[in-house]
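What follows is one structure encoded as structure tokens, with my remarks underneath.
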Amino acid sequence: MNNQTLKLSVLFRSPLLSLLRSLLPSLSCLLLVLCAPAHGANSNAANLAAPADNTALYTLASPNGQLQLSVSKTVAQGINYSLSVSGKQVLHNAVADITLEGMKASLAKAKLIDISRQSIDRELQPHVQQKSERIVEHYNQLTLSFDNQLTLAFRLFDQGLAYRFITEQSGDIVVNNETVAINFTDDHLVLFPEETSFISHNERLYLPKKLAEISAKQFASLPLLVDVDGIKLVITETGLRDYPGLWVEGSDQLGLNSRFPAVVLGSELKQDSDRNENILKRADFIAHRPAIEDAPQSGQFPWRVFAIAQNDAELLTNELSYLLADELAIDATWVKPGQVAWDWWNANNVFGVDFEAGVNTQTYKYYIDFAAKYGIEYIVLDEGWHHLDSVLNVVDDIDVKEIIAYGKSKNVDVILWVIWKTLDNELAQALAQFEAWGAAGIKVDFMQRDDQAMVNYYWKIAEQAAKHKLLVDFHGSYKPAGLRRTYPNVITREGVRGLEHNKWADYITAEHNLTLPFIRQLAGPMDYTPGAMINTQPDNFRINFNRPMSKTTRVHQIAMYVVFESPLQMLADTPSHYLREHESTVFITSVPTVWDETRVLSAKISDHIIIARRSGDDWFIGVMGNSQAREFTVDLSFLAESTSKSYQMDSFADGINADKYASDYQTRAEQVTSADKINITLAPSGGWVARLKPI
């Protein structure tokens, strides 16, 4: 399937287990299926009589039977759907609708002409791993087809629900609007990343609000989380292509409604700015797809995703954003994950050298020497290496060709920062030049929108960069929404309130760091840029733009390299600090950026995470705590499934004085087995991290 390695689950599981697994959910929901107006591979709805109230009900169960979906077609409202989890209702009479220009009937009035059901159980092997080397794709699907050329497909996984619209309409497709009305039965808590404008980097705090508090004037970017009496629901989207991003607003009741940025008809850069735009005019429709030959996906719209977790830990391994995305489109064997030394956060404050530090060739050679010493795969040339009017107009103090050649001599590659609009103005010439120089990738910044045109820009950059074998790291961006599966050269992206905010604000707390993995990270990799070597407790934190620090302990920062996912993972601080803090740096640079296996040992939103990840035969354990001092026991029984009987464990723990001096840490080396339980103590805003190598 387009170079995506797919293997039917029967190849990995015994026939007996496979048979039992397939029969169990079928038996658990047999009555519901028999009661549905249609069942089997394909059924014609025209032969089925609707009840007297003009409501037809269709049901679907997840493979394990714990998630139950009911879908109703009513003359009054169109398509409504409700979802229960282990018998508890989570969504109630939610509404899915879409309006296309020229559509012969609204969905409410359209006639249901066909129903089909499908079950898929297979394993995927992504080219660029994130959580694991294989991902199980197991779902049941219900597809409803209407006489207005619309199809609505629901997929139910054990990990959540998704649906998408598809149209067979030919010619130009104009989407006037789409309705995503998410309704609940009670006033639940929402972690709401509130926005003030469609012009946004989508770098927000997750504000706790009750549904009834969120007015129709308030809106948020995605993903966001709703706590339905302990069942966690994360709302996001994937398969976002040639369409605007989904945002949500309050409903003044117990629900959330969709909001979309309309098509941009006119924009201009603000005066004296090379990156910030004024939107001069928007259309009264949200998407326009001109008729294009050989465009088989033109009639598919994005998946609306509702990730479900019955305990918080399940959110950390949810893969729905990847599973529902479009399949691989390129030969991506050249894409190389790794770590990258970053210059901008630390303001090029290198010291103890015999040259003037800054945006110059000598400074970047120093970065390369540092990267080579620790086996770091990349460095980035961030803002300043070229004049802002052109990505090809290099400043006098920089010799890009020499820097890249020097890096290659040390087995270190170079990624080049660019502003999206300046790059777009000379795209073909710029990418060809970057390839000729030998650059490994581009960091594209300041898009700040996700209307249809900007979403298409992301896809264009991904495709064109792949032709030149360039990695892409999108900053100033919206959340991941499936592009990384189709173009794995889009290796990470921002769209997260990360460490850089410590340069100008004090709100990057341990609690914030312990919220991101459950919500934002569920959508895909996040370029949070960890690794601060100047560490403070909240009471002695200071904002300093050019000499920034973290509001956490040293070990909390190191643990991020195990807990936070990004196949291109930054080291944000200055090489001079890392060289001085050699012991910490050796550990950080030993941590892989992609994983063969992930085990969540314990996790609670904003409270703590204890996670174990395997790379080859080595295990890494990362523990992050909140602003309270904590004690935990790490149970190593998961090692019993490994081939080795004992491991050498090298660990970093908060030092005894880390509650006052947050850079304090202590190390320990010991032998452990699966029978061991490790007692750990975390300072406020603290952490613990370990590497386990088989003996």
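The values are calculated or read from the model by the stated rules, or taken from the named source; none is laboratory data. Given the structure is predicted, the values throughout are model-derived calculations rather than measurements. All Cβ positions, even for glycine, are placed from backbone atoms using ideal geometry, and neighbour counts span all protein chains on display. Side chains are part of the model used for accessible areas, which takes the heavy atoms of the whole protein and leaves out ligands, DNA and RNA. Shrake-Rupley method; radii C 1.70, N 1.55, O 1.52, S 1.80 Å.
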Calculate how steeply helix 427-437 sits against the longest principal axis of the alpha-carbon atoms of the chain, using the helix alpha-carbon long axis, and give the answer as 0 to 90 degrees to the nearest 10.
40 degrees
So how exposed is W504, as accessible area in Å² (1.4 Å probe, rounded to 10)?
110 Å²
Over the chain, what is the relative contact order in whole percent, taking alpha-carbon pairs under 8 Å and six or more residues apart?
11 percent
Remind me, what semi-axes does segment 217-278 give for its equivalent ellipsoid, largest first in whole Å, using sqrt of 5 times each Cα gyration tensor eigenvalue?
30, 14, 12
q = 0.14, 0.16, 0.18 Å⁻¹: log10 I(q)/I(0) that the Debye formula gives for segment 380-443, counting C-alpha atoms only:
-0.35, -0.46, -0.59
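Run lengths n ≥ 4 of DSSP H only: what is the helix-derived mean residue ellipticity at 222 nm for the chain, with -39500 (n - 2.57) per run over all residues, to the nearest 500?
Details: 14 runs with 116 residues, N = 695.
Estimated from H runs of four or more residues: -4500 deg cm²/dmol.
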Labelled set (1) 85, 62, 49; (2) 68, 62, 60; (3) 79, 76, 58; Cα extents along the principal axes in Å computed from this model equals the value at (1)
Once ligands and nucleic acids are excluded and a 1.4 Å probe is used, how much of R614 is accessible, expressed in Å² to the nearest 10?
50 Å²
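Going through the cross-link list K421/K460; K232/K604; K336/K467; K365/K401; K443/K503, which pairs have a Cα-Cα distance over 18 Å in this structure? Working shown, then result.
Working: K421/K460 13 Å; K232/K604 11 Å; K336/K467 15 Å; K365/K401 12 Å; K443/K503 20 Å.
Where the Cα-Cα span goes over 18 Å, the pairs concerned are K443/K503.
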Leaving out ligands, DNA and RNA but keeping every protein chain, what accessible area does V136 have, in Å² rounded to the nearest 10, with a 1.4 Å probe?
60 Å²
Extent of segment 217-346 along each principal axis, from alpha carbon coordinates, in Å, largest to smallest?
49, 48, 47
Which whole-number percent gives the relative contact order of segment 526-670, counting Cα pairs below 8 Å spaced six or more residues apart?
24 percent
Please report the net charge: other residues with Cβ closer than 10 Å to the Cβ of I678, K and R +1, D and E -1.
-1
Dipole-positive endmost among Q339, N257, L150 within the chain (Cβ charges, Cα centre):
L150
Segment 651-695, accessible surface, carbon-and-sulfur percent (1.4 angstrom probe):
47 percent
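In segment 235-299, which GluC sites (Glu not before Pro) are in a loop and have at most 12 other Cβ atoms within 10 Å, using DSSP for the loop call? Write out the running numbers ahead of the final one.
Values: sites: E237, E249, E268, E277, E293; in loops: E293.
Answer in residue order: E293.
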What percent antiparallel are the DSSP beta bridges of the chain, to the nearest 5?
85 percent
In whole percent, the fraction of accessible protein surface over segment 376-497 that belongs to carbon or sulfur atoms, probe radius 1.4 Å, stands at 43 percent
In the neighbourhood of N489 defined by beta carbon distances under 14 Å, the net charge of the other residues (Lys, Arg +1; Asp, Glu -1) is +3
Could you state the number of Å between the C-alpha centres of segment 488-532 and segment 413-472?
22 Å
How fast does segment 352-485 diffuse by Stokes-Einstein, in µm²/s, taking the Kirkwood radius from C-alpha pairs at 25 °C and 0.890 mPa s?
158 µm²/s
Top positive-direction residue, dipole computed over the chain with Cβ charges, set A76, T589, V555:
A76
Find which of T363, S321, H475 sits farthest along the positive direction of the dipole of the chain, computed with +1 on the beta-carbon of Lys and Arg, -1 on that of Asp and Glu, about the Cα centre.
S321
With every protein chain left in place, what is the accessible area per residue of segment 126-279 in square angstrom, probe 1.4 Å?
34 Å²
Skip the ligands, DNA and RNA, and give the accessible area per residue of segment 570-678 with a 1.4 Å probe, whole Å².
42 Å²
Cα centroid separation - segment 567-644 against segment 125-175, whole Å
34 Å
Between the helical axis of 554-563 and the dominant principal axis of the chain, each derived from Cα atoms, what acute angle in degrees is found, rounded to the nearest 10?
40 degrees
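Counting Lys +1, Arg +1, Asp -1, Glu -1, what net charge surrounds W595 among other residues with beta carbon under 11 Å of its beta carbon? Could the numbers behind the result be given before it?
Values: positive: K131, R599, R613, R614; negative: E133, E565, D596, E597, D618.
For residues surrounding W595, the net value is -1.
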Of K401, K421, K645, which has the most accessible area and how do the rest follow, probe 1.4 Å?
K645, K401, K421
Measure nothing fancy, just the Cα-based angle from helix 15-28's long axis to the longest principal axis of the chain, in degrees from 0 to 90, nearest 10.
60 degrees
Sequence-separation-based contact order of segment 223-317, relative, with Cα cut under 8 Å and 6+ spacing, percent
35 percent
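If you count, for each residue, the other Cβ atoms within 10 Å and average over each peptide, how do 429-436, 320-327, 336-343 line up from highest to lowest? The partial results should precede the final answer.
Numbers: 429-436: 16.9, 320-327: 21.5, 336-343: 23.8.
The packing order, highest mean first, is 336-343, 320-327, 429-436.
Rolling a 1.4 angstrom probe over the protein heavy atoms, how many square angstrom per residue are accessible across segment 300-415?
Details: 4200 Å² over 116 residues.
For segment 300-415, the solvent-accessible area averages 36 Å² per residue.
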